[in-house]
Amino acid sequence: MSDTGELGGRAISVLGFCVMIGIAWLASSDRSRIPWRTVGWGVGLQLALGVLLLETPFGALFFRAMNGVVAQLTRYTDVGVDFVFGALVETGFSFVVNVLPIIVVMGSLFAVLYHLGLLQRVVDAMAALLSRTMRTSGAESLAAVANLFVGMTESALIVRPYLDRMTRSELFALMTLGMSTIAKVMVPETETPETAAGGHAHVERTSVNVIDAAAQGAVAGLRLAAYVGAMLLAFVALIALVNDVLAAAGGWVGLPGLTLQKLLGLVLAPIAWLLGVPWQDAATVGALLGVKTVLNEFLAYQELSELMAEGALAPRSVLIASYALCGFANFGSLAILLGGLGGLAPGRRSDVARFGLRSILSGTLASFMTACVAGLLG
């Protein structure tokens, strides 16, 4: 790409970044209560992290080190999985065998940490640290940090004792954190969180000792894993049903092979251009975004890798698509949230369902904003 074309692409990425914030503002439940200081700090930190990760080697080294810690915890889980499931582990990847047990182990570990009082101190420390900048509560701040290293359900387990008492804005932030993070624009805080700065987290201890805490946490994690598995199974099956109906209807009107993700791809092509993708690649990247939204990011990345091998996309398009696809904002993740948060806090199930589609939009916009930053700096 020429210098002029590169400069134009970066300008489009800046425009796209502003458009994403504008869409979030339009979708806000209370525009007059949007905490613009929080938004400003969030945008500033995102740009700073972008520079750190894309322009220096230190950020990548730090995150690789932290990821190594989480990977080690996963290997400990594998030891338990191998003992319980035996030969099933050798049959290839299975969601039941390879993913759900992590939820059980994390549930047990975090229950022990709560029994010892360690995580409560972390919640209070996060509230004090971030209140002067982001003005977010301790519980949602802890979940935000945890989401850097663990999945959406495991991060919910970290703040499980607070779920029933979270404000609507905190709950939406927790949901959006699992997909990405611009929740305070779309659902601004209108209440006082229990773990707001200056307040301390009070969690009643229900376990008598560490062993009892580990056992209770494992049972809670197992219950959560069952909810997640059931919801994900149902949602994936229903999406397959919808795609078959669309394919049949498309055949009648001369559009064979029509699917929900293809429809979204057509809609998202202009969005891909706004991220900074060259126009000749916008439709292709838009289709990838459709696959990611309807199915999951793994399939989208698989298709992206095939396109890269064929040389079908410009390097800039590959860079931006890599970041735009990096998120969990899809219907499968919504199923996980409905099952996971609904299982951990049954009294908040209706709120979780009400925020479902909005959290997908919020998470998608956040991933797109990250892609815009990559387009600006890349």
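Before moving on, here are some points about what is shown:
- Between 0 and 90 degrees, the angle of helix 118-131 with respect to the longest Cα principal axis of the chain falls at about 50 degrees.
- Under 20 Å from the Thr74 label point (7 Å along Cα→beta-carbon), backbone N, segment 224-252: 225-226, 228-229
- In order through segment 352-362: 3J(HN,Hα) via Karplus (6.51 cos²θ - 1.76 cosθ + 1.60), integer Hz, x for Gly, Pro: 4, 5, 5, 8, x, 5, 5, 5, 5, 4, 4
- Most fluctuating residue given options Leu288, Leu233, Leu174, as computed from a GNM of the chain linking Cα atoms under 10 Å: Leu233
- Highest average first, the peptides 254-266, 47-59 ordered by how many other beta carbon atoms sit within 10 Å of their residues are 254-266, 47-59.
- Mean Cα-pair separation over length for the chain, i.e. relative contact order, pairs under 8 Å, 6 or more apart, %: 24
- Here the extension length gained between Phe62 and Leu45 equals 4.5 nm, from 0.36 nm per residue of separation less the Cα-Cα distance.
- Which label in (1) 119; (2) 143; (3) 155 gives the computed volume of the Cα convex hull per residue in Å³: (3)
- Extending 7 Å from Cα along the Cβ direction at Asp82 and again at Ser29 yields two label points whose distance is 4.6 nm.
- Angle of helix 36-55 to the longest C-alpha principal axis of the chain, folded into 0 to 90 degrees and rounded to 10: 70°.
- Shape of segment 259-324, Cα gyration tensor, a/c cut at 1.5: oblate
Each value in this text was obtained by applying a stated rule to the coordinates, not by laboratory testing. Just so it is clear, the structure is predicted and the values come from calculations on it, not from any experiment. Note: ideal-geometry Cβ built from the backbone for every residue, glycine included; neighbour counts use all protein chains shown.
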